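In what follows, a single structure is set out as structure tokens and then discussed.
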Amino acid sequence: MNIVVCVKQVPDTATERKLRSDDKTLDRDAADGVINELCEYAVEEALRLKEAHGGEVTVLTMGPDKASDTIRKALAMGADKAVHLVDDALHGSDALGTSYALAQTLKKIGFDLVVLGSESTDARTGVLAAMLAERLGVPQLTFANKVEVDPSAAKAGSGGSIAIQRVTDYGYDRVEASLPAVVSVVEKINEPRYPSFKGIMAAKKKPVEKLGVADAEIDASQVGLANSWSEVADFAAAPPRAAGTIVKDEGDGGAKTADFLASKKFV
Amino acid sequence: MSEILVLVEHVEGQVKKVTLELLTLARKLGTPSAVWAGPGYSPEAKARLAEHGAEKIYVADSADVNDYVVAPKAELLAQLVSEKSPAAVFVAATAEAKEIAGRLAIKIDSGVLTDVVGVEDGLVADQSIFGGGVNVRSRVTKGTPIVAVRPNATPVEAAAGAGAEEQVSVAVSETARSARIVERVKEEKGARPELTEAAIVVSGGRGVGSAENFSIIEKLADSLGAAVGASRAATDAGWYPHQFQVGQTGKTVSPQLYIAAGISGAIQHRAGMQTAKTIVAINKDPEAPIFELADFGVVGDLNQVVPQLTDEVAKRK
Ligand SMILES: Cc1cc2nc3c(=O)[nH]c(=O)nc-3n(C[C@H](O)[C@H](O)[C@H](O)COP(=O)(O)OP(=O)(O)OC[C@H]3O[C@@H](n4cnc5c(N)ncnc54)[C@H](O)[C@@H]3O)c2cc1C
């Protein structure tokens, strides 16, 4: 089975994240770039499916040169090879542009299964997997906390079936489809492995193919900041919250809290 | 005034509060038309939508629309956009409705804004990003704006609308039928409100200590008619199910009141709750960062403070 796992480099959530004042896009230099946490679950799930059914795991990243660190991390976990979509023309692409660029690349490199994290910690739109399914015309199996692939799908191109549990507000939906398909995974689906020393060494030798906009047959008029479908008018840091009242519990902490809630008309 | 389509969120035939919020918001910017997708439509539902300003109600209540993941609803909205040429499409910023919005955006070649907390004249949207750290104003520059608005962003106001019904037939395409929902599993959550919609959320963290002890969090929540949330430390430990996790990789909530008990207030937890209107923290460590956000805080043992608070709330009812 030919599995492509899309990973994204994001600013570390532990550092202060900013927008750039010049073009109002994410300031990638202000914070350390790390692999988006949910992407680690996606890589892990892809590796487990490969281990169960055979095939190959390709990492696909769209991002600037420094995103190669994120690619190495996924390769160190055990992915076989990577494709890095990198081109200045892609800078500032919104979800529509990003999904278009990734869909074009996926069509070019081929896949039986695309696996993603259900959202990124920076943009948090949670729409990319659905958009990819729409653009590729394949089943959308998103917000999965469990993925099962039928073994007959093991050989690339042979089709096969797939089922997931899709997390909902009330529990989950069981969803069935045929391959090829797009899957997105949620946090508790698995426990991502730590790269071993051997894995880290091996990752250095694994092939990383760099593709530009033209290589992936991406129409440059559909990507990049200037061609986005939306724009940021202005932005500002959220005003800090006013300091509150902190009391020490002297056996009446619950009652005092109730007084506070009453003063705010919650009780 | 120009028509704004509002996709109705409903569960077991009941219109959810967020839809009434969306209708209220849409009324300020145009004329709202509700779009009902899937089974369960009823005269009560119609009345509720009309009471909150729906001038028209487009009803596509065939099972087809609901039996497949997301895609049929995006097709329905795309069809309505091309027939009615609305000024905008509003959906709730729930996981599923955002996905509908995303697919719709591609179908009608239009921009989409997610996690919107307010919309001004000219369809300029306020968004809160980076876990509430930065406020952004943005607008769609191509096509029909699609706006996903967070629950609790707008107070509901009633206002009569005509509620004129129009049946819509959708021919769900083969591609949209490719991911079939074969079973819906409902997990017991009692009578509590849904986490992202609730006006009050009571969350427990590592300080709660065990799965059993979460009952003191639940009791406080029930006394306030609140939803229960949890930090990642609590869901990681298996004390509370993951769908109740609040934070960077869990749910984002913006309730009127958020009570955090035994939660330190790590940046990734704050990302999911710091836009709450009022924040109360109960923590035994006076240095816990959650107190920086709190409008009211108690430094103490939650095992003492929380049950006492529950009793006091009950007494004052
Ligand atoms: C990429 C990423 C994503 C993450 N996403 C999330 C997320 O979505 N949600 C989330 O919550 N976290 C998330 N985290 C984890 C986050 O960093 C913290 O580890 C987590 O929030 C800690 O949970 P906690 O506050 O319950 O536990 P702790 O930080 O251990 O705090 C427990 C608190 O309880 C107090 N306490 C202990 N006993 C008592 C008592 N008897 N009475 C009163 N107080 C007591 C302690 O003083 C302490 O302040 C994420 C981390 C990363 C790296």
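So for segment A:168-184 (the condition being on the phi > 0 side of the Ramachandran plot, buried (at least 20 other Cβ atoms within 10 Å of the Cβ) and not in a loop (DSSP other than H, G, I, E, B)), does at least one residue qualify? The answer is no; no qualifying residue exists. Going by what's in this entry, would A:Val86 be described as of a type in the set (A, V, I, L, M) and in contact with a Lys or Arg (Cβ under 7 Å, 6 or more places away or on another chain)? Against the criterion (of a type in the set (A, V, I, L, M) and in contact with a Lys or Arg (Cβ under 7 Å, 6 or more places away or on another chain)), A:Val86 qualifies. Scanning segment B:233-248 for residues that are more than 8 Å from the ligand (Cβ to nearest atom), more than 11 Å from every other protein chain (Cβ to nearest Cβ) and of a type outside the set (Ser, Thr, Tyr) yields B:Ala237, B:Trp239. For segment B:300-317, a residue qualifies if it is within 30 Å of the chain's Cα centre (by Cα) and surrounded by 17 or more Cβ atoms within 10 Å (Cβ to Cβ), and the qualifying residues are B:Leu302, B:Val305, B:Val306, B:Leu309, B:Thr310, B:Glu312, B:Val313. Regarding B:Glu194, is this residue charged (D, E, K, R), farther than 22 Å from B:Asn135 by Cα, open to solvent by 10 Å² or more (accessible area, probe 1.4 Å) and touching a residue at least 60 places away in the same chain (Cβ under 8 Å)? Yes, satisfied.
For segment A:121-145, give me the residue count where each residue is assigned to a loop (DSSP other than H, G, I, E, B), of a type in the set (Ser, Thr, Tyr) and either more than 28 Å from B:Ile267 (Cα to Cα) or open to solvent by less than 20 Å² (accessible area, probe 1.4 Å) (or both).
Result for segment A:121-145: 1.
In segment B:129-171, what count of residues is obtained for those that are under 30 Å from A:Ala237 (Cβ atoms) and either over 25 Å from the mean Cα position of the chain (by Cα) or assigned to a helix (DSSP H, G or I) (or both)? Selection size over segment B:129-171: 5.
Each row is one residue, and each column tells you yes or no for (1) surrounded by fewer than 19 Cβ atoms within 10 Å (Cβ to Cβ); (2) out of contact with any Leu (no Cβ under 7 Å at 6 or more places or on another chain); (3) not in a strand (DSSP E or B).
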site	(1), (2), (3)
A:Val34	no, yes, no
A:Ala52	yes, yes, yes
A:Ala74	no, yes, yes
A:Val83	no, no, no
A:Leu96	no, yes, yes
A:Tyr100	no, yes, yes
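Of all residues in segment B:255-270, which are under 17 Å from the mean Cα position of the chain (by Cα) and crowded, with 24+ Cβ neighbours inside 10 Å? Working first, answer last.
Start the filter on segment B:255-270 by keeping residues that are under 17 Å from the mean Cα position of the chain (by Cα), which leaves B:255-258.
Of everything in segment B:255-270, those that are under 17 Å from the mean Cα position of the chain (by Cα) and crowded, with 24+ Cβ neighbours inside 10 Å turn out to be B:Pro255, B:Tyr258.
Residue under question is B:Gly207, and the condition is that it be closer than 24 Å to A:Ser263 by Cα and open to solvent by 10 Å² or more (accessible area, probe 1.4 Å); does it hold? So B:Gly207 fails the test.
Tally up the residues in segment B:86-128 that are assigned to a loop (DSSP other than H, G, I, E, B), free of Cβ contacts under 8 Å to residues at least 60 places away in the same chain and open to solvent by 20 Å² or more (accessible area, probe 1.4 Å), please.
So the count comes out to 2.
For segment B:139-147, the condition of being farther than 18 Å from B:Ala78 by Cβ and facing another protein chain (nearest Cβ under 9 Å) holds for at least one residue. Taking segment B:282-299 as the range and being open to solvent by 10 Å² or more (accessible area, probe 1.4 Å), at the interface with another protein chain (Cβ under 9 Å from one of its Cβ atoms) and within 12 Å of the ligand (Cβ to nearest atom) as the test, the residues that pass are B:Lys284, B:Pro286, B:Phe291, B:Val299.
Of all residues in segment A:1-19, those being facing another protein chain (nearest Cβ under 9 Å), aliphatic (A, V, I, L, M) and either more than 13 Å from the ligand (Cβ to nearest atom) or not in a loop (DSSP other than H, G, I, E, B) (or both) number 1. Residues in segment B:172-231 that are more than 24 Å from B:Ala97 (Cβ to Cβ), assigned to a helix (DSSP H, G or I) and more than 16 Å from the ligand (Cβ to nearest atom): B:Glu218, B:Ala221, B:Asp222, B:Ser223, B:Leu224.
If you go through segment B:249-259 and keep only what is closer than 25 Å to A:Val267 by Cβ and either at the interface with chain A (Cβ under 9 Å from one of its Cβ atoms) or within 9 Å of the ligand (Cβ to nearest atom) (or both), you end up with B:Lys251, B:Gln256, B:Leu257, B:Ile259. The number of residues in segment A:203-230 being small (Gly, Ala, Ser), in contact (Cβ under 8 Å) with a residue 12 or more places away in the chain and within 27 Å of B:Ala148 (Cα to Cα) comes to 4.
Here is the figure for segment A:63-104: residues that are over 16 Å from the mean Cα position of the chain (by Cα) and polar (S, T, N, Q) total 1.
Taking B:Ala50 as the residue in question, decide whether it is under 30 Å from A:Val167 (Cβ atoms) and either touching a Phe, Trp or Tyr at 6+ places or on another chain (Cβ under 6 Å) or surrounded by 18 or more Cβ atoms within 10 Å (Cβ to Cβ) (or both).
When the stated conditions are applied, B:Ala50 does not pass them.
Scanning segment B:260-281 for residues that are within 12 Å of the ligand (Cβ to nearest atom), over 10 Å from B:Gly205 (Cβ atoms) and touching a strand residue (DSSP E or B) at 6+ places or on another chain (Cβ under 6 Å) gives B:Gly272, B:Met273, B:Ala281.
The values are calculated or read from the model by the stated rules, or taken from the named source; none is laboratory data. Note that the structure is a prediction, hence the values are computed from the model and not measured. Glycine gets a Cβ as well: all are built from the backbone with ideal geometry, and neighbour counts include every protein chain shown. With ligands, DNA and RNA removed, areas are computed over all heavy atoms of the protein, side chains included. Shrake-Rupley method; radii C 1.70, N 1.55, O 1.52, S 1.80 Å.
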